[in-house]
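This report concerns only the one structure given below.
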Amino acid sequence: MENRVHPRQVLLVEDSPGDVRLTLEAFRDTNPSIKVHVASDGVEAMAFLQSEGTTPSPRPDLILLDLNMPKMDGRQVLARIKKDDGLKTIPTVILTTSEAEGDVTASYQLNANCYLNKPVQLEAFEKLVRSINDFWLATVKLPTQQT
Amino acid sequence: MPLQVLLVEDSSGDLRLTQEAFREVNPLIQLHVAADGVEAMAFLRREGAQAQAPRPDLILLDLNLPKMDGRDVLAHIKEDKALQTIPTLVLTSSAAESDVVRSYELRANCYLSKPMQFEAFHDLVKSINDFWLTQVKLPQRDKAEPREAVSLLPPVEGAAGSSCPDSSSRDRGHLSALGAQVMQAIGGGGMPIQVLLVEDSPGDVRLTQEAFHDANTSICLHVANDGVEAMAFLRHEGVHVNAPRPDLILLDLNLPRMDGREVLAHIKDDDGLKTIPTVILTTSDAEVDIVKSYQLQANCYLTKPVQLDSFENLVKSINDFWLTKVKLPQQKEQGG
């Protein structure tokens, strides 16, 4: 779609190692040029986004955010992202096993860009990652990197 | 109800292309068109001639529009508590970086550039369908039922209680293309669906029981005649110690002892209960009741129709939608 020099950066915020592995593998199969960064809880996600580490972290093009996580949960991370003028334009996709309507509604109210349920089946999970890639990373016009 | 998409587009060529592409990709989608921003807001707010307009599940919004442009429309949508959860996709020929950034700042759910080529345009519409209308869990839909008042029905004795079917399996009906993602078994294999009806009018209780019986005999309908009884049922108190957790609650608003608004607030404040879909089913068509119910996180608001046939159709549609298509929250583990 665009002639960008830098590969797409995705931040995956996920505490389940199994889901992290599945997601990484699915992205590798779908589009190996994508760089997936992993934060395993909300605190780590915010540190990444605010580039608090010793080496500055890249600004992600897309954030995949689980809801139920240790330390700071996905709802809080989402609220912080969408209140931060520097971060709020980054598309944030909720990717969770929660199918509670309260979570769906609250996520949209907090300006999640969309809400996806993690499928249980391996093939459905891979298909979902492919559709995230095809839609968000190949079809959607993302805001420009500011770094 | 088919998925409702509002297309806000002033170019008749693009309009035609989008309509044709949707017709090919997913003919079940109902596409509504507003040719400028003022018309779009009138549709969304159901003003004037648009009083019966459905709430769209998805909005496709062009940026450069006559009268009120797409940026203003977007700002209005995302500032409006009643509209802000509707996914709004900017679909424009502008590739200006400032438009992209501005749109995301205004909380567009995503930004799409209109391709020039016919095939690319068709592919884009297909990808919108495949992603947003197939994969994404959309926010709770409401239903644009005709607003009518109900006439008083003759009272029936002994309306409270439970009626459970003998059969232990449920016909889930056929799954629509959309629903394949979200429509899976409810609460596991052979359990009947538990519905709690909170209703004080014996006539309405009787009608609802009969309509459910005709629509789906595997439903177990429990009745609470006021809000206090409803909460006792939900919290397994007193005689309700063995009450099952309902899969769906049908809640009247005007009830003795504790009214439906309070019941709704209690349910949605309770971590153990708030995921139970709660459908308001009331004679009130006051806008303040509708708004208040959604603010209290009612899952949808239905007005009881006057006519017997309409009432039966409404119950049937509750069965077809909520008990057949919607993925209900999993049953929590329960002792009994």
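Any residue that is farther than 26 Å from B:K137 by Cα, in contact (Cβ under 8 Å) with a residue 60 or more places away in the chain and out of contact with any Phe, Trp or Tyr (no Cβ under 6 Å at 6 or more places or on another chain) - is there at least one of those in the range B:11-28? Among the residues of the range B:11-28, at least one is farther than 26 Å from B:K137 by Cα, in contact (Cβ under 8 Å) with a residue 60 or more places away in the chain and out of contact with any Phe, Trp or Tyr (no Cβ under 6 Å at 6 or more places or on another chain), which makes the answer yes. The sole residue among B:G188, B:G203 that is modelled with pLDDT under 90 and assigned to a loop (DSSP other than H, G, I, E, B) is B:G188. Checking each residue in the range B:248-275 for being among the hydrophobic types (A, V, I, L, M, F, W, C), under 19 Å from B:I318 (Cβ atoms) and in contact with a Leu (Cβ under 7 Å, 6 or more places away or on another chain) picks out B:L248, B:I249, B:L250, B:L251, B:V263, B:L264, B:I267. B:K114 meets each of the listed conditions (1) charged (D, E, K, R); (2) open to solvent by less than 30 Å² (accessible area, probe 1.4 Å); (3) closer than 28 Å to A:K83 by Cα apart from (3).
A residue that is at pLDDT 90 or above and not in a loop (DSSP other than H, G, I, E, B) occurs somewhere in the range A:51-62. Per this entry, A:G18 is counted among residues that are open to solvent by 40 Å² or more (accessible area, probe 1.4 Å), assigned to a helix (DSSP H, G or I), farther than 26 Å from B:K78 by Cβ and not basic (K, R). Looking across the range B:230-248, the residues that are modelled with pLDDT of 90 or more and crowded, with 23+ Cβ neighbours inside 10 Å come down to B:A230, B:F233, B:L234. Here A:I81, A:I63, A:I90 are screened, and the one residue that is among the hydrophobic types (A, V, I, L, M, F, W, C) and without any contact (Cβ under 8 Å) to a residue 40 or more places away in the chain is A:I81. Here are A:T96, A:T105: which of them is touching an Asp or Glu at 6+ places or on another chain (Cβ under 9 Å) and either closer than 29 Å to B:Q297 by Cα or aliphatic (A, V, I, L, M) (or both)? Just one listed residue meets the conditions, A:T96. Exactly one residue among B:L251, B:L255, B:L264 is open to solvent by 10 Å² or more (accessible area, probe 1.4 Å) and of a type outside the set (F, W, Y), and that residue is B:L255.
Restrict the check to the range B:125-144 and report whether at least one residue is more than 13 Å from chain A (Cβ to nearest Cβ) and at pLDDT below 80. Yes, some residue in the range B:125-144 is more than 13 Å from chain A (Cβ to nearest Cβ) and at pLDDT below 80.
The residues of the range B:230-247 that are in contact with a Leu (Cβ under 9 Å, 6 or more places away or on another chain), among the charged types (D, E, K, R) and free of Cβ contacts under 8 Å to residues at least 40 places away in the same chain amount to a single one, B:R235. Of all the listed residues (B:V38, B:V90, B:V33, B:V100), the sole one being of a type in the set (A, V, I, L, M, F, W, C), more than 25 Å from B:C300 (Cβ to Cβ), touching a Phe, Trp or Tyr at 6+ places or on another chain (Cβ under 6 Å) and modelled with pLDDT of 90 or more is B:V90.
The values are calculated or read from the model by the stated rules, or taken from the named source; none is laboratory data. Every value quoted in this text rests on a predicted model; they were computed, and no experiment measured them. Heads up, the Cβs are rebuilt from the backbone with ideal geometry, glycines too, and the neighbour counts pull from every protein chain shown. We work out accessible area using only protein heavy atoms, side chains counted, and drop any ligands, DNA or RNA first. Shrake-Rupley method; radii C 1.70, N 1.55, O 1.52, S 1.80 Å.
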